[in-house]
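In what follows, a single structure is set out as structure tokens and then discussed.
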Amino acid sequence: MLAPPPDRQTLRLDELSEAIRISRQTLVRWTDRGLIEADLDWGVSDENRELRLIALTQSTVDFLEGFAGEYREDTVSRTEARRLLKLIDRNQVQKLIRQGSIKAKKIKGETRVSVGSVEDYLMTLEEEEE
């Protein structure tokens with residue numbers, strides 16, 4: 001792996017995810033779509049396990065730290081929640097709401113899903129994969 005340019009730092013994706021409370025899946029999607037200026041790479045841990053790395057500038061880290069809180073406070077429609085969760089079946093989202101895995105509330109008669117609870121759920125799934 002080449003060293004990042006001097007103004008960039010390389011972090012473990014899982015550590016950044018935990019620090020700002022945004023799932024790795026979302027951070028990868030934002031990087032792939034060019035929404036944040038970062039590069040993804042692979043590395044090997046001391047235990048010889050593959051791990052995902054992200055190279056970004058301090059200004060991008062600062063932006064993410066501020067934006068993550070605002071993003072988590074947002075609410076989305078169930079359709080958008082399905083997209084965030086990468087689920088096709090709308091009944092799965094309703095089931096997650098009923099079992100309390102993700103939180104929803106009524107706003108002007110419409111069920112809106114908490115983005116923060118979706119991110120928490122995704123992070124739980126990612127931890128189970130390890």
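The values are calculated or read from the model by the stated rules, or taken from the named source; none is laboratory data. If you're wondering where the values come from, they're calculated on a predicted model, not measured in any experiment. All Cβ positions, glycine included, derive from the backbone under ideal geometry; neighbour counts span all protein chains shown. For accessibility, only protein heavy atoms count, side chains too; no ligands or nucleic acids. Shrake-Rupley method; radii C 1.70, N 1.55, O 1.52, S 1.80 Å.
Quick rundown of the values:
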read-out	value
Thr10 vs. criteria touching a residue at least 12 places away in the same chain (Cβ under 8 Å) and part of a strand (DSSP E or B)	yes
In segment 62-74, the residues that are open to solvent by less than 20 Å² (accessible area, probe 1.4 Å) and within 20 Å of Arg112 (Cα to Cα)	Ala68
Candidates Thr60, Thr79, Thr75, filtered to the one that is within 20 Å of Arg29 (Cβ to Cβ) and modelled with pLDDT under 90	Thr79
Condition broken by Asp46, with the remaining ones in (1) within 12 Å of the chain's Cα centre (by Cα); (2) exposed (fewer than 12 other Cβ atoms within 10 Å of the Cβ); (3) not basic (Lys, Arg) satisfied	(1)
Residue within segment 106-117 that is touching a residue at least 60 places away in the same chain (Cβ under 8 Å) and within 21 Å of Glu15 (Cα to Cα) present	yes
Pair list, Cβ under 6 Å, 6 or more apart: segment 33-50 residue among the charged types (D, E, K, R), other residue open to solvent by less than 60 Å² (accessible area, probe 1.4 Å)	Glu37/Thr60; Asp39/Ala55; Asp41/Leu53
Selection within segment 22-43 - farther than 29 Å from Val113 by Cα and either small (Gly, Ala, Ser) or open to solvent by 90 Å² or more (accessible area, probe 1.4 Å) (or both)	Trp42, Gly43
Among (1) of a type outside the set (Phe, Trp, Tyr); (2) within 18 Å of the chain's Cα centre (by Cα); (3) assigned to a helix (DSSP H, G or I); (4) loosely packed, with under 15 Cβ neighbours inside 10 Å - the single one Asn91 does not satisfy	(2)
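For every residue, the table says whether it meets (1) farther than 15 Å from Ile22 by Cα; (2) open to solvent by 40 Å² or more (accessible area, probe 1.4 Å); (3) of a type in the set (Lys, Arg).
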residue: Leu56; (1), (2), (3): yes, no, no
residue: Thr60; (1), (2), (3): no, no, no
residue: Arg82; (1), (2), (3): yes, yes, yes
residue: Ile97; (1), (2), (3): yes, no, no
residue: Gly100; (1), (2), (3): yes, yes, no
residue: Lys106; (1), (2), (3): yes, yes, yes
residue: Arg112; (1), (2), (3): yes, yes, yes
